[in-house]
Amino acid sequence: MSVDAAGGQGGKLYADHKKIYPIAVSGFFRRLKWAILIVGMAIYYLLPFVRWDRGPGQPDQAVLLDLPARRFYFFFIEIWPQEVYYVTGLLIVSAFVLFLMNALAGRVWCGYLCPQTVWTDLYLAVERLVEGADRRSRQKLDDAPWSLAKLARKAAKHALWILIAWGTGGAWVLYFADAPTLVKDLATFQAPAVAYMWIGALTFSTYLLAGFAREQVCIYMCPWPRIQAALTDEWAYNVSYRVDRGEPRGSLKTNRKLRAEGQPAGDCVDCGQCVAVCPTGTDIRKGMQLSCIQCGLCIDACDTVMAKTGQAPRLIAYDNDINIERREKGLADVHKFVRPRTILYVVLIAGICGLMAWKLGTRATIGLNVLHDRNPLYVLNSDGSVRNGYTLRLLNKDAKARELMLSVSGVPADSRLETVSEAGHDGSALILKVDGDQTREIRVILTVPAENKVAASQDVVFRLSSSDGEKVHTQDFFKAP
């Protein structure tokens, strides 16, 4: 069953898909998009091959997500699983950066930086290269009956699309293993099966989304347009058709005649180039719409027409609701980039980045976790002493092996700390060796002599220190009758 907008019968629940044939355009925003595309893809494809010396026995890939070793390497930064909060902080910062971009310039992320936009731009460039730069030639090719010429063009286009998609998936898996080694293994069919599976999945998804879904991803599948619409305000700059200057629209000849007669006439010549160049088929003259990704290509198209007709540029431009209303009243434009909303976002971004930088700069390369025995909680020895058992996990983030000193406080001074594993003793402390870039689990026994009176439950602090002065501690408890 289908219903129309008024709830009656006969309508459809969804809009029929109409293939969009955006025309090529030149101008500032098109050049900016090409520059971002080239730089972004260069980083994506080449970054796995950048080297970074971390010392003997350590991976030398600058950016590496080493799942078997459970490490994330980013140049001089090494993140362990216990430090997942850095990833959480990065995600939070990314969200606030996205909010800030929206507060300043609407869906600028969608128009210039979103991977869907970048890869769609590349796919469209391939389509124009193979099937013809002119929009009408591509439409005629699609409408024409199948022939060897049409089959050859279509096959060449899809082959290039699949090659780009395969490169996209192939580059992604290089971030999870040593890139040169994995490239060799992939070429000789010796790579793990999971690598081929991921390349296949990402090849298919890139080919589908950039080649066929295109604007449907931006309009229907992506949640960001709905979210940003709730976050934006009247001061945010969006690609806008300046109604106060463009209306009433008409042909160039008609508008000039109307002006000569002293009648109102706009600068818009109703050429439709702003619609023809839009990758989502949006008519910006109808106002802000969910389908507009704010890419600015309609600005370039309109500026080209304005230059040919001898009129001022920026009939379509980045503008905000406040200035549109002010111009209708004959007032000058105002700009307000600094406002409570943007200040809040900047403060939050700076605060979280500063906190992560401080935490990263002061973090220790040793770690300690303690788990008290559950059953029994304590043991009363025949001589009246009380002992508690603990399982300790020692962490050494350094590349070389280290001797770490373990001690405990919160119990009488004559208490004994011992372990069944091999360890040296330094008074009441244990000296434990932990290999480089490893964790070590040990079981220790803490015994309080009978002559000391202890509470049924009291806090104790385990301290771990290294010879170079690093210290960490964690708190647990000591149980007694």
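What follows draws every value from the coordinates through simple rules; no lab data is involved. Small disclaimer: the values here were computed from a predicted structure and weren't measured. FYI the Cβ positions are ideal-geometry reconstructions off the backbone, even for glycines, and counts take in every protein chain you see.
Residues whose amide H falls under 5 Å from that of residue 404, counting only those 5 or more places apart or on a different chain, are 432, 433, 434, with hydrogens built in the peptide plane. Computed from the Cβ-Cβ distance with R0 of 25 Å, the FRET efficiency linking residue 19 to residue 201 stands at 0.45. Here the Karplus relation 6.51 cos²θ - 1.76 cosθ + 1.60, evaluated at θ = phi - 60°, turns the backbone of segment 355-370 into coupling constants of 5, 5, 5, 5, 5, 5, x, 10, 5, 8, 9, 10, x, 8, 10, 10 Hz, with x for every Gly and Pro.
Translational diffusion coefficient of segment 102-227 (Stokes-Einstein, Kirkwood radius from Cα pairs, 10 °C, 1.306 mPa s): 95 µm²/s. Of all aspartates and glutamates in the structure, those lying under 13 Å Cα to Cα from residue 33, and not within fewer than 8 positions of it along the same chain, are 121, 300.
Once R0 is set to 56 Å, what does the formula 1/(1 + (r/R0)^6) return for the Cβ-Cβ distance between residue 360 and residue 453, expressed as a FRET efficiency to the nearest 0.05? Taking R0 as 56 Å, the efficiency between residue 360 and residue 453 is 0.80.
Be a star and scan segment 86-118 for residues whose amide nitrogen sits under 20 Å from the point 7 Å along the Cα-to-Cβ vector of residue 77. Backbone N within reach: 86-101. Each label was represented as a point 7 Å from its Cα along the Cα-to-Cβ direction; for residue 441 and residue 38 these points are 5.4 nm apart. Placing a label point 7 Å from the Cα of residue 258 along the Cα-to-Cβ line, the residues of segment 323-349 whose backbone N sits under 20 Å from it are 327-330.
Checking the Cα-Cα distances for 19/154; 400/433; 308/329; 19/157; 253/308; 397/471 against a 19 Å cut-off, the pairs over it are 308/329.
For a label point 7 angstrom out from the Cα of residue 409 toward its Cβ, which stretches of segment 437-471 have the backbone nitrogen within less than 18 Å? From segment 437-471, the list is 458-467, 469-471. To the nearest 500 deg cm²/dmol, what mean residue ellipticity at 222 nm is calculated for the chain from DSSP H runs of n ≥ 4 alone, each contributing -39,500 (n - 2.57), summed and divided by the residues? Here the helix-only value at 222 nm equals -12000 deg cm²/dmol.
State the answer as a single residue: which of 258, 199, 466 lies farthest towards the positive end of the charge dipole of the chain, with beta carbon charges of +1 for Lys and Arg and -1 for Asp and Glu, about the Cα centre. So the residue furthest toward the plus end is 258. Note on residue 133/residue 290: beta-carbon distance plugged into 1/(1 + (r/R0)^6) with R0 of 25 Å gives a FRET efficiency of 0.25.
Listed by chain and number, the aspartates and glutamates placed with their C-alpha closer than 14 angstrom to that of residue 479 are 373, 459; residues fewer than eight positions away on the same chain are left out.
Across segment 366-479, Cα pairs under 8 Å and at least six residues apart give a relative contact order of 33 percent. The convex hull drawn around the Cα atoms of the chain, when projected onto a plane and averaged over every direction, covers 36.9 nm². At full extension, residue 84 and residue 475 could sit 138.6 nm farther apart than now, given 0.36 nm per residue minus the alpha carbon distance.
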